[in-house]
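Throughout, read-outs are computed from the coordinates displayed, never taken from laboratory work. None of these values were measured; they are calculated from a predicted model. Neighbour counts run over all protein chains shown; Cβ positions are idealised from the backbone, glycine included.
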Amino acid sequence: MTNQQKEKIANLRLKGLSYTEIADRLNVSRAAVVSFCRRNDLQASQPDTDVCRECGSALVQTPGMKRRVFCSAGCRVRWWKAHPERLSGKATYHFVCKKCGKPFSAYGNAKRKYCCHECYIEDRFGGGKDE
Ligand SMILES: [Zn+2]
Ligand SMILES: [Zn+2]
């Protein structure tokens, strides 16, 4: 590959063209485009290969069906656990603990009052001593 070709690959890739489209345009092999892009960490806005977002294994898309992003339910669960902030509709709420006064935050739960279970127990049952 010439330097000019490499430059064009980078440009086209950043514009969002797929590896195949770039290879066709510049008349180089798709494999060369892929390895060049991987080496230089060139990411298109739309990934052209469908791989599991969690484990990176190849995905089989069913035409007409919603695009899959995970290879399995297990991968979906793991990914969402690692990225709780990406859950749509679940904002982060900020609170001050009713018991100890410590600020804390929680995902997707607007009704938290205590920073931890111990504070909840203590405030609610007062340690269970006087009553
Ligand atoms: Zn997976
Ligand atoms: Zn507390």
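Using the alpha-carbon atoms, what tilt in degrees (0 to 90, nearest 10) does helix 30-39 show relative to the longest principal axis of the chain? In the chain, helix 30-39 runs at an angle near 50 degrees to the longest axis. Compared with the dominant principal axis of the Cα atoms in the chain, helix 3-14 is inclined by about 40°.
Compute the length gained on full extension between N11 and V34: take 0.36 nm times their separation in residues and subtract their Cα-Cα distance, giving the result in nm to one decimal. This chain segment gains 6.9 nm when fully extended.
Pairs exceeding a 29 Å alpha-carbon distance, out of K15/K66; K6/K66; K8/K66; K81/K102: K6/K66; K8/K66. Residue-wise HN-Hα couplings along region 17-28, as the Karplus relation 6.51 cos²θ - 1.76 cosθ + 1.60 with θ = phi - 60° gives them from phi, are 6, 7, 4, 5, 5, 5, 4, 5, 5, 9, 6, 10 Hz; Gly and Pro carry x. Take the Cβ-Cβ distance between V51 and T20 as r, set R0 to 22 Å, and report the resulting FRET efficiency rounded to the nearest 0.05. Efficiency at R0 = 22 Å is approximately 0.90. Computed from Cα positions, the angle between helix 73-82 and the longest principal axis of the chain comes to roughly 70 degrees.
Once both labels are positioned 7 Å from their Cα atoms along Cα-to-Cβ, the gap between K98 and N3 label points is 6.9 nm.
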